[in-house]
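The structure under discussion appears below in the form of structure tokens.
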Amino acid sequence: MKKMLETKRLTAITEYNRLRGALLIFTFALLLFSSCKKENLDYKVDYREFTEAIEPSMVRLVNIGRNRNLEVNGDSLTNFRWPPANPEAPDEERTQVLPTKYFPSTGQLGLTWTVPNEFFTPEHATEITFYSGPTLNRMHHTFPIHEDGSQPTDYYLLKIEREMHEGPEVIEVPRDVTAPSRPDHFKIRLLNFAQTFDNYLVTAENLMAPMTLAYADGTPVSPETTNVPIGQWSEYVEVPYGTYQFKVLTQDQRQVPMATTSPTIHVTTSAIPDMTQRDPNDARSPASTGLVYAELQTFQPGGIYSIAVHPYTMKYNAPGAGNAFTVTDIIQNAFQVITDLSAPLNNSYVRVQLVNATLNSSPLRLELSQERTTEAVPSERYSDYVISLVGSRMLQVKDPSGNVVIHQEAQLQAGKNYSLWVYTGENQELQSLLVSNNLASSEMLGNSDSNGNYGDPFRRYYPFPFTYRFLNLLTGFEEVTLTNQLGIPYGRPASHLLQGVAKDDNPYYFNIGSDQYREQWFMLYQSSPTELPGRWISEVTGLSTKAMIADETLYTRANRNVPNAEPGVYTVAAIGTFNDGQKNAKIMYVKHTK
């Protein structure tokens, strides 16, 4: 009996221990589950940019083919997603960029990327694979790269979409990082990587030809950058710093468009289309404005740049329903500007020109020093720019005999652009007006932050500008207004212009929209503080934007229609004398960009 009771007691103890163990396991599992669940609720993805310092090599990838993703030695360095989506983000952030260590801003290839030193070893070549799209099954190409530590090298990644014909995928190009020999100049070269391709439904203008780098009027920049063969590149040439609208021309003077995602192109001429007119040779397409897109850009002293021609996906207007158009992709050879060496901050140099705003007088010459002098400038003309050091300078204007007819001391500020206007004042005496020009082609939007500060977010920029400033240098009228052909003033910048005074409060008129491609006239009115525009001065011939085109043969040589206006930053001025005894007045212009 006693043995039986002992057995039952031991059995009860065993059962109790088993149940207690099970209870402990259940409790632990419950706590663990609760802990995991709570941790999951608090989980957030960290999308902050990587800020680690990465040591660069002398090798750079230049992605002119606009490829998206990259592997180095088999390791994915980009996010391989497009559009980059964060599924845990709110709706408004659903397309948030997914940064990576080596591409912290976008997570994908941009225009240039310097390969970090960590990817190079002396024993083996570094293997690069780039992809045209977001997924691994898109077109891709693999190639080896090396670094010898002495020569900066660029590998140009070309377009590898299925539409491309057979050709190179990568071109190795040496890069110059030696500063210009003249510190007030910059270096620039031309690379001709034009290729053939297929477009669906349409055939784009054939731009497969040797290429020439030119100024806005079609003048070649240098023999070194003229007729560069396909697949080749020019030497660097040195050019005085300034604001330029560089163009790229084929051998027969046709203009190559600039690569951009904004303007569309005319299929057969690569020009900007005129959406208000129909092409006389194809009623299903818009007409051509005659203008080929090329942006204005300031090239600072000490900078080094490359301009590369290569196929780029742009837009054109395909026939749509009824009279409408459908914006559709089209591939065309186009040029891009690549910075090979960023320019230092310009604290040393300034540009000055002379404007001879007199009528029927002798040529004049501006002298800043014995070495810095303009050419002789006839009446109603303007000089090229002279580059000067900053600081207090005596500006002397001399006649053909060397006599000083104007002397004016000026405090010239770094990076500024000045025009010294010489005009006829009262009693036929020469007067001068020094004007600071804004070639950035930007305007304030009229609002600011909470502290009243203005900055880039409050500016509107016009990279393809039709920008005008207005001056009254006319003796006889204290106040004038300049209008269009309908008698409508060009806004506040052209209204109530006081004689010999340059407006400095938002003084530029920006011609935007379809009007910028129309012929505009500048007509002179005598206004008053209480009258606008006032009385039309019909004796003074108006100035047409067609008369301001630098060289019509740039268009006619290529069998293109001459546009109604050319982009740039201009000053339009009323000059001369207009009174009862003498009515000798004109409207002249200066184009400040080249």
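Each value in this text was obtained by applying a stated rule to the coordinates, not by laboratory testing. These figures come from a predicted structure and were not determined experimentally. Here the Cβ is made from the backbone with ideal geometry for all residues, glycine too, and neighbour counts use every protein chain on show.
Once the Cα-Cα distance is subtracted from the 0.36 nm per residue extended length, the Glu531 to Leu430 segment shows a gain of 33.4 nm.
Kirkwood's formula applied to the C-alpha pairs of the stretch 427-567 gives a hydrodynamic radius of 17.2 angstrom. Computed over the chain, the quotient of the alpha carbon radius of gyration and 2.2 N^0.38 Å is 1.32. Computed over the stretch 179-343, relative contact order equals 27 percent, with contacts defined as Cα pairs under 8 Å that lie 6+ residues apart. In this structure the amide hydrogen of Tyr418, modeled in the peptide plane, comes within under 5 Å of the amide hydrogens of Arg351, Val352, Gln353, Asn437, none closer than 5 places in sequence on its chain. Under 4 °C and 1.567 mPa s, how fast does the stretch 179-343 diffuse according to Stokes-Einstein, given a Kirkwood radius computed over C-alpha pairs? Answer in µm²/s, whole number. D = 78 µm²/s.
A cut-off under 14 angstrom between Cβ atoms defines the neighbours of Ile488, and their net charge, with Lys, Arg +1 and Asp, Glu -1, is +1.
In whole angstrom, the stretch 240-331 maps to an equivalent ellipsoid with semi-axes of 30, 13, 12, each derived as √(5λ) from the alpha carbon gyration tensor and ordered largest first. Seen from Glu409, the other residues with C-beta closer than 15 Å to its C-beta sum to a net charge of 0, counting Lys and Arg as +1 and Asp and Glu as -1. Under 5 Å from the amide H of Leu430 lie the amide H atoms of Gly425, each residue being 5 or more positions distant or on a separate chain, with H modelled from the backbone and absent for Pro and chain starts.
Computed from backbone phi, the HN-Hα couplings of the stretch 227-232 come to 6, 6, x, 5, x, 10 Hz, rounded to whole numbers (Karplus: 6.51 cos²θ - 1.76 cosθ + 1.60, θ = phi - 60°; Gly and Pro given as x). When Rg and the Kirkwood Rh are both derived from Cα coordinates, the Rg/Rh ratio for the stretch 141-245 amounts to 1.02.
Each residue of the stretch 151-158 is assigned a 3J(HN,Hα), and the resulting list reads 10, x, 10, 10, 10, 7, 8, 8 Hz, derived from the Karplus form 6.51 cos²θ - 1.76 cosθ + 1.60 (θ = phi - 60°), x at Gly and Pro.
Charge tally for Gln499 (other residues, Cβ to Cβ under 11 Å; Lys, Arg +1; Asp, Glu -1): -3.
For the listed residue pairs Lys187/Lys398; Lys247/Lys315; Lys247/Lys398; Lys247/Lys546; Lys398/Lys591; Lys187/Lys416, the alpha carbons are over 31 angstrom apart in Lys187/Lys398; Lys247/Lys398.
How would you rank 65-72, 210-217, highest first, on the average number of other Cβ atoms within 10 Å across their residues?
65-72, 210-217
Its DSSP H runs of at least 4 residues, each contributing -39,500 (n - 2.57), put the calculated 222 nm mean residue ellipticity of the chain at -2500 deg cm²/dmol, to the nearest 500.
Mean sequence separation of contacting Cα pairs (under 8 Å, at least six apart), scaled by the length of the chain, corresponds to a relative contact order of 9 percent. For the chain, the longest principal axis of the C-alpha atoms and the axis of helix 2-41 are separated by about 10°.
For Ala334, the residues whose modelled amide H falls within less than 5 Å of its own, excluding neighbours fewer than 5 places apart on the same chain, are His310, Tyr312. For the stretch 179-343, the dipole from Cβ point charges (+1 on Lys and Arg, -1 on Asp and Glu) about the Cα centre works out to 120 debye, to the nearest 20.
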